[in-house]
Structure formats: C-alpha cells, structure tokens
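Everything below concerns the one structure shown next.
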Amino acid sequence: ERQLLPLVDLEPEENPRLAPLRGCLLALTSHRLVFLHEASLSARALPLASIVHPYPPHRRHNHNPLRSLFSSSSSSSSSHHPRIRIQISLPPSRSEVVAVVVTCKADVDVFYGRLLEAIRARAWEAAAAAAPAGGAPVAEGAAPAEEDLAIRMPVVGVAGILRKEQETWESAGQNLQDAFQDLNALMSKAKEMMELAEKMRQKLLTNSSAQSNSNDEEMGSKQDMQDLLLSVGIVSPVTKETAGALYHQQLSRQLADFVRVPVERAGGMMALVDVYCLFNRARGTELISPEDLLQACSLWEKFDVPVMLRKFDSGVKVIQTKTHSDDEVFARISSLAQKPDALLKGISPSDAAFTLGIAPALAKEHLLNAENKGLLCRDVSPDGFRFYINLFNEIDLQNIHLPKAHGLYHTWISLATAAH
C-alpha cells in the first residue's frame with residue numbers, strides 16, 4: 001500500500017453505460033488502484049498495467065480560465081473538485097477515460113506523484129518474471145505480451161480528437177495560470193526591492209546630513225549610490241486616490257525630484273517624450289497620461305525646483321536644468337562647424353548629436369537656434385539639412401571682393417581651392 005485517499009468518486013467520461021461510483025476509499029498499491037465502497041460493501045480494482053496515461057490533476061472549470069468563459073453555471077458540484085483523468089486500455093484494442101474526483105481535503109499532487117512512481121516501477125512485471133504462469137520461464141528477449149500491445153495502442157477516432165482538444169484547452173489554461181503566478185511573484189519581489197532601495201536612500205541622506213565634514217570622494221560615492229537607487233523606481237507614486245485635489249501639485253514635485261538625475265546625465269536637457277517614458281516606467285503600474293505630465297511640468301514655475309519646461313520655436317518641448325546654458329552648446333557647435341571637413345561639407349543634425357551626446361531631434365533644434373543667433377547658415381537639399389559656419393561675418397562690406405589673408409574665410413578659400 002502506497003497511498004490512501006479517504007473519499008473519492010470514480011466517474012466515466014466517455015461511456016455513459018458505466019455507472020459512477022461515489023464516496024469510495026481509494027487505495028494505491030504497487031499493482032492496482034482499489035476502490036472500496038463501504039455503503040454497498042463492494043470493491044473495484046483497476047490494474048496499473050492497464051493505465052495508458054494518467055493526466056495531471058485539475059479542476060474542470062476553475063482551473064482552466066479559458067474553459068470557464070464558456071462553461072455553464074449548471075455544472076455538478078463534483079466538477080469543482082480536483083480530478084485525475086486516467087486513460088485505460090481495455091481488451092481487445094479499445095480504451096476508455098475515467099476520472100478520479102477527489103472530494104476530500106488531501107494533497108492531490110502528492111497522490112499523483114505516487115501514482116506515477118508506481119506505474120513507472122512496473123512491479124507486476126517483476127512479479128510475473130519471478131513466477132511465470134504455468135511454470136514456463138520467460139525469455140529475456142521475448143516479444144511483448146498482448147497486454148503491453150494494448151497499452152501502447154493510440155486512441156483514434158472521435159474520442160481521440162475530443163481528448164486531444166481537451167488536452168489543448170488544459171495546456172493553455174495551465175500556461176495562463178503559470179504566467180500569472182510568475183507575474184504576481186515578480187511584482188511582489190519588485191515591490192520589496194523598491195522598498196529596500198528607498199530605505200537605503202533615506203539612510204544615505206541621513207548619514208550625509210549628519211556627516212557634513214566628509215571628504216569629496218565619500219560624498220561622490222554616496223551620490224552615485226543614491227542615483228543607482230533612484231533608478232530602481234518610485235516606491236510610493238502619487239495617485240489621484242491618495243493625493244485627491246493636490247494630485248497635480250504633488251505629482252509636479254515628485255516629477256522634479258525624479259527627473260533631475262537623468263536630465264543631468266543627458267547633458268542638461270531631455271525631450272519631454274523621453275521623460276514621459278522614463279517616469280511611467282519608474283511608476284510601474286501607476287501610469288499617468290500625457291496631459292497630467294504637461295500640467296505637472298507647467299506648475300514648476302510656482303515651485304523652487306532645479307528643472308524647467310522649455311518649448312522651442314518648432315514646437316518641440318524639452319525639460320532642462322535651470323543651470324543649462326545655450327552658450328556652451330553654441331560654442332561646441334561652432335567648434336564642430338570650423339573643422340576642415342565641416343567647412344566644405346557642413347554638419348548634419350546627426351553629427352551634432354554625436355558630438356553633443358543627445359538625440360538627433362534635440363541636436364537639430366540647437367542647430368536651428370544657432371542659425372537664429374547668426375552663427376550658422378543652413379542649406380536645404382533632398383538629402384536633408386546641412387549647416388555651415390557663417391562666413392558672412394568675415395566679409396568686409398567696404399571691400400567685398402577683397403579676400404582676407406587670415407581667418408575662417410581665408411581657410412575656407414584654401415580648402416575649396418585644394419579640393420578643386
């Protein structure tokens with residue numbers, strides 16, 4: 001005896017002529033499944049050798065979320081209990097499917113594991129080899145018996161098609177359940193990690209304020225640690241349910257605290273679209289709309305925050321630090337445009353983006369601003385925009401046709417003459 005289940009039902013799934021057996025005691029042995037029915041003082045046995053395949057335990061409706069969409073509410077109460085479907089082989093060459101419905105409080109997975117172990121052990125074959133019927137010895141390489149052939153015979157016909165369809169539904173339901181369980185576990189672990197990161201960040205802030213006389217190297221390492229912890233995500237994102245009427249004010253302050261580090265790493269300016277993606281990723285499932293983001297950014301004028309919302313003439317909106325200076329950007333662009341290759345071929349927004357370390361869309365806005373300041377000239381062609389250093393500032397209006405022997409104009413003439 002390997003396992004006992006005190007209360008089970010035995011139900012046929014394909015043959016309505018077989019009457020179900022209710023309220024049985026199920027005993028699993030090394031050779032068979034024994035169903036003991038105390039009310040009628042009867043018993044039934046199912047040899048393990050006749051089992052073709054035992055299916056994993058499941059609930060007919062609750063376990064499968066796909067089938068539950070189409071199931072009727074008038075199903076029997078036994079359908080909500082765990083079921084172990086067993087395909088058995090019957091002589092001469094047919095098969096049936098019966099279901100063991102576990103109506104008691106027992107670990108069905110453990111019983112199913114013991115059942116698999118008993119089937120794989122095949123103790124009946126060892127007993128048959130030890131005492132063969134009729135005293136005739138069994139040859140070591142003998143052909144399989146008729147019973148073994150019946151066990152290996154596949155199920156065909158309408159019954160096989162229906163069973164295959166049911167297995168597909170069960171597999172899809174199991175995959176969905178496993179996916180949602182993995183997602184819930186990931187979300188719970190992520191929440192714990194964010195809470196830990198917030199506690200460590202607060203502790204670092206407390207230590208840095210208490211030890212204000214520490215050296216610059218320690219302060220730099222603490223700042224790097226704070227930046228890493230902030231990148232984990234926002235532990236308590238502001239929501240309309242928690243903030244109420246002060247939602248946009250609190251969201252504005254939280255956005256300013258969050259966006260400071262990524263904006264500084266991006267060179268002091270980031271596109272509003274990039275900020276929207278980063279902020280929503282940090283908020284997890286508490287996403288905000290673009291309108292809420294714009295309204296939160298517009299409130300920065302009322303608060304003392306280190307960032308601001310800026311709109312270019314073309315309509316592109318960016319978030320930049322208040323210490324950001326366009327003069328520094330113009331100086332780097334001017335230096336790039338004065339290189340020999342740039343004097344002849346000009347620079348594109350991609351070239352400026354590579355030099356400035358920003359997105360090409362923002363680099364184009366900086367180039368257009370430099371053009372408005374009179375630093376660059378623009379050439380529009382089918383290949384796109386090309387920007388050149390403004391050589392008109394080098395021309396003497398009193399002697400327009402007299403080339404200079406020095407300066408950018410002279411360098412440009414020398415390079416153009418050498419190129420031709």
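Just a few scattered comments:
- Cβ-based net charge around Leu10, under 10 Å, with every Lys or Arg adding one and every Asp or Glu removing one: 0
- Projection of the Cα convex hull of the range 246-321, averaged over all directions and equal to a quarter of that hull's surface, yields 4.9 nm².
- Translational diffusion coefficient (Stokes-Einstein; Kirkwood radius from C-alpha pairs) of the range 261-420 at 37 °C, 0.692 mPa s, in µm²/s: 182
- Accessible-area value, Thr323, 1.4 Å probe, nucleic acids and ligands omitted, Å²: 130
- Pairwise centroid distance, computed over Cα atoms, of the range 346-367 with the range 90-110, Å: 70
- Extension gain for Asp109 to Lys322 (0.36 nm times residue separation, less C-alpha to C-alpha distance): 70.4 nm.
- Counting every C-alpha pair in the range 326-419, the share spaced more than 23 angstrom apart comes to 26%.
- Among the listed pairs Lys317/Lys373; Lys317/Lys339; Lys240/Lys317; Lys311/Lys345, those beyond 28 Å (Cα-Cα): Lys317/Lys339; Lys311/Lys345
- Heavy-atom accessible area, probed at 1.4 angstrom with all protein chains present, ranks Lys345, Lys322 as Lys345, Lys322, highest first.
The values are calculated or read from the model by the stated rules, or taken from the named source; none is laboratory data. Quick caveat: nothing in here was measured; it's all calculated off a predicted structure. Positions of Cβ are generated from backbone atoms using ideal geometry, with glycine treated the same way; all protein chains shown enter the neighbour counts. The area values use the complete protein model at the heavy-atom level, side chains included, leaving out ligands, DNA and RNA. Shrake-Rupley method; radii C 1.70, N 1.55, O 1.52, S 1.80 Å.
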